[in-house]
Amino acid sequence: MASRITIKDYLFESRLFMQRSIQALAFAALLVSVLVGRLVYLQVLAHEHYITLSDDNRIKILSLPPNRGLIFDRNGVILADNLPSYRLEITPEQVHEDMDAVVDRLAGLIRIRDVDRRRFDRLRKRTPAFKPVPLRFHLSDEEVARFAVDRHRFPGVEIVAGLSRHYPHGPLASHALGYVGRLDERDLQRVDASNYSGTTHIGKVGIERTYEDRLHGTVGFRQVETNAEGRVLRTLIRTPPIPGDNLYLTLDIELQNAAEQAFGDRAGAAVAIDPDTGEVLAFVSMPTYDPNLFVNGIDTATYSALRDNDRQPLFNRALRGQYPPGSTLKPFVALGGLEQGITSTHAHTFCPGYYQLPGKDRKYRDWKRSGHGTVDLTSAIAQSCDVYFYDLALSMGIDRLHDFLSQFGFGARTGLDISGELPGLMPSREWKRATRDLPWFPGETLITGIGQGFVLATPVQLASATATLAKFGHRVKPHIVVSTQAYDDPDLSPVEVETVIDIPIEDRHNWEAVIHAMREVVHGRRGTARRIGIGAGYEIAGKTGTAQVFGLKEEEKYDAEKLVRKLHDHSLFVAFAPIDKPRIAVAVIVEHGGSGSAVAAPIARTILDQYLSKPAS
Amino acid sequence: MSTLLDSGREDASRRDWQHLLHIDAVLLFGLLATSAFGLMVLYSAGGQEQSILVRQLVRLGIAFGAMAVVAQLRPQWLQRWTPWLYGLGILLLVAVLVMGDVGKGAQRWLDFGFVRFQPSEMMKLAVPMMVAWYLADKRLPPTGSRLLVAGALIVVPVVLIARQPDLGTSLLIGSSGFFVLFLAGLSWRLLGGLALLAAAGAPILWHFMHDYQRQRVITFLNPEQDPLGTGYHIIQSKIAIGSGGLFGKGWLNGTQAHLEFLPERSTDFIFAVLGEEFGLLGILVLLTLYTFIIVRSLHIATQAQDTYSRLLAGSLAMTFFIYIIVNTGMVTGLLPVVGLPLPLISYGGTSMVTLMTGFGILMSIHTHRKLLPT
């Protein structure tokens, strides 16, 4: 290498280096001051902001779902409670071998179906590894015991106790109680979602649904410190949940049971009401179903079987079954005739077995082809003469008929505190014009007078109307929850009795006459229900009814036509007892039971007997 | 061997223990104090696990040992072997690219069976040494063809390492070589031209970047865009530092760190733990310690007796600074995320040994002094 370029000026280079070192240091100082400026911004100026973010990071709110309120009958018998239930959970993080092998070994101890496995695998994919994933719900005591012995072989597998809704009486009164089911998106739209964070179940139908806000309670919270993976490290603040209120029902489970038993395997409904208070003493819709099936998700096969069953066990007939009331409407029509001065207790009508509108050919038949001969109000009710009521209805006209019967609640929801009630139908000129765009024909007035044609009533309505009649027009709103009880309060808060209307009375004798006629139905020599009067230790006022099943209206969702026994008429019976001091009013409908006297009346007698055998409270 | 080990040609008056052991006490104090501070932060960041502390202590021991050993080597000896070291480094880098193990999606390691070796670590020292060696007997400031040669000596390893890809290390090596040139008096006009060239070359660089590198740049520009993905690191570390405030949450009390919100908290992001637990005050203490080390190192450089030693020492000092500013800039969200540890504080081995070897060279330069006429 040439040497001329190696001539170096050491002093110059040394000075140059010193200069450059200082420049480098200055450059470093500049960058450090930028860094310090940044730190001052982060740690001093924006400190509050980052402190908040840091707290948000670590503090999480966990909700503590409240315990659902219990449901008791009027005597304190529990109808819906919360049972400890055991579920098996696996924390994948703590399992140090093949998960399938662990589940296989578990299957040797407890029953694990393919469904359980599939759900477990699905959940596991969505859950962080440190969080437990449920494998089985509702372990039996035996399974819990078996697992407990072997639990050392299963690290990461645990049995967890929780509360699960349980209906100890199974299908008994299930149409009144309803059931809870797993909370879904639709449910969340009708409740305060924040109060339901952590809640897994919600009332789906029946009382469980109507009183959801009372039964549910208030959610509690736990403020916890978590790490980035969401694992809870410690609890900072705890606000305990407030359990839901307990409910006491007006039902008497023994009476309810007797009533359901009385139906045997027939389909139908029965509602019994205390006329003084409107308390529902029995609420029967047959057949029933076991609400426990729905609590933790009913499997598809069982559900389809229930849904597609010809006898429609899921259909709440007492609340939503709209039936032609048939002859059970006659006492109300008769009372209307008397109160409006259209007829009197002394007036007579000749019944040849049919009725013809003036100038028309069509014959409106009496159920008794040979006719009842000359009848007055009492015998017309006692023997259920149709011709008498054709004549009376025609004289009243549909307008007065509609107005009078509406006072008893026909055609309107009674307001019973079970969700889903249907209003029935009390037809009027306006109604027909509005819905059918047709004028009202006199023939339709005739058949309305005997509870056929357009007129429809639910069993709840019939029972309420009968109770109103028994109380001389004092109509109270029927209710099934008699009192509520806060979780920390030994005292019950009674639900107030609501008077709907006091029907104006023209003449008390008219009411007495109708009630007398209804007494004759049961206790009279020729009464249609005289068979149930035999051996009764009290006096019953009743009325049989046989509703013809034909020409079902489109408003009637329950399509009875599809039923195999569709050609049989519905059998109805309404009654109250004792006559001098009514304690119970009842309406019974047996679908396709034939005549009212044969099938419905004996069921009513069973209910009356059961209830009246106990002294008044 | 007389050139390797110390011979008796030194100033007799400076024969105190520092020169006997070839240790600079002032620099050693700065390094030990910083390491001790680092151990304290690491104990907290590592979840108060003694095993982590022990392992870090062992590494520090090895690193300080390497420093002490290298300090015994005479600068002249180092200078003589510089081209061989550099040549070997380039060969190994090529070898890594050709047959290197795939680790963490990047080829950085050479597996010799008994030990895994990262040639890029070696180049952190070999590159500034080589540039200093090349310039040592040339007239300064470097210009023309000599500048081009020096530039090539830097660019070749930088590109090889960037191809691995290891952006952080290649940046570090590039700047170590650059600082040699800068300290050698690279003209400001050329510097400005280079800066312009870099700005113009950015889109081309973007074209050659890996997806994850591009993602880092995007994330840096807008971390909130992907708060749970790559932006998570920066967001969480800013929260940690910001929530620390002036005085911090206290040692072992950093919620961001202990509740595991902060990723890489004992390695690349340990600065955030410091900021959270000790606040701005703690950070200023560390920055003061670092400044102490850098100023002392630059002082050693200005006292060096030949061009090679001077340029190498100055470059080592400034590279140490680049380490610090890149890491802290990344953790505070000023710079994009590049994987560089915080020197002497972060948990980790290889880079610490390299770093301390560099300080060993500085000590060697400072303690092997010839008598010069003044």
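No lab work stands behind these numbers, since they all come straight from the coordinates. Remember, it's a predicted structure, so these values are computed and weren't measured experimentally. Quick reminder, even Gly has a Cβ in these numbers, built from the backbone with ideal geometry, and neighbours come from all protein chains shown.
What the table shows:
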read-out: Residue-by-residue Karplus 3J(HN,Hα) for segment B:196-202, coefficients 6.51, -1.76, 1.60, Hz, glycine and proline x; value: 4, 4, 4, 4, 5, x, 4
read-out: Sorted by Cβ neighbour density within 10 Å, fewest at the top, the residues A:K432, A:K581; value: A:K581, A:K432
read-out: Label-point separation in nm, A:A412 to A:F441, each point 7 Å along Cα→Cβ; value: 3.0
read-out: Unsatisfied cross-links (Cα-Cα over 21 Å) in the set A:K471/A:K543; A:K60/A:K125; A:K330/A:K368; A:K125/B:K238; A:K368/A:K471; value: A:K60/A:K125; A:K125/B:K238; A:K368/A:K471
read-out: For segment A:361-475: span of alpha carbons on each principal axis (Å, largest first); value: 46, 37, 21
read-out: The protein assembly as shown: calculated mean residue ellipticity at 222 nm from DSSP helix runs of at least 4, using -39500 (n - 2.57); value: -15000 deg cm²/dmol
read-out: At most 15 other Cβ within 10 Å, DSSP loop - trypsin sites (Lys or Arg not before Pro), segment A:1-103; value: A:K8
read-out: For segment A:139-215, diffusion coefficient by Stokes-Einstein and Kirkwood Rh (Cα), 25 °C, 0.890 mPa s, µm²/s; value: 162
read-out: Dimensionless Rg ratio for the protein assembly as shown, taking C-alpha atoms and the 2.2 N^0.38 Å reference; value: 1.58
read-out: Calculated P(r) tail over 27 Å for chain B, as whole % of Cα pairs; value: 51
read-out: Shape call, segment A:1-104: gyration tensor on alpha carbons, a/c limit 1.5; value: oblate
read-out: Expected-Rg normalisation [2.2 N^0.38 Å, Cα atoms] applied to segment A:149-265; value: 1.47
read-out: Reference-scaled alpha-carbon Rg (2.2 N^0.38 Å with N residues) for segment A:62-249; value: 1.16
read-out: Charge dipole magnitude, Cβ of K and R +1, D and E -1 - segment A:62-249, Cα centre, debye nearest 20; value: 180
read-out: Nearest-20 debye value, the protein assembly as shown charge dipole, Cβ charges on Lys, Arg, Asp, Glu; value: 3440
read-out: Rounded to 10°, Cα long-axis angle of helix A:386-406 versus longest principal axis of chain A; value: 40
read-out: P(r) tail fraction, segment A:27-171 - alpha-carbon pairs more than 20 Å apart, %; value: 66
read-out: Ranked A:I71, B:I52, criterion: other C-beta atoms within 10 Å, fewest first; value: B:I52, A:I71
read-out: For segment B:256-374, Kirkwood radius (reciprocal of mean inverse C-alpha pair distance, Å); value: 15.6
read-out: Amide H contacts under 5 Å for A:T239, placed H, 5+ residues apart; value: A:F221, A:R222, A:Q223
read-out: Cα-only Debye scattering, segment A:258-329: base-10 log of I(q)/I(0) at q = 0.14, 0.16 Å⁻¹; value: -0.56, -0.70
read-out: Dipole axis of segment A:62-249 (+1 Lys, Arg; -1 Asp, Glu on Cβ), positive-most option in A:F120, A:L135, A:I159; value: A:F120
read-out: Residues A:C385, A:C351 arranged by fewest to most Cβ contacts within 10 Å; value: A:C351, A:C385
read-out: Convex hull of segment A:485-539 built on C-alpha atoms - directionally averaged projected area, nm²; value: 7.7
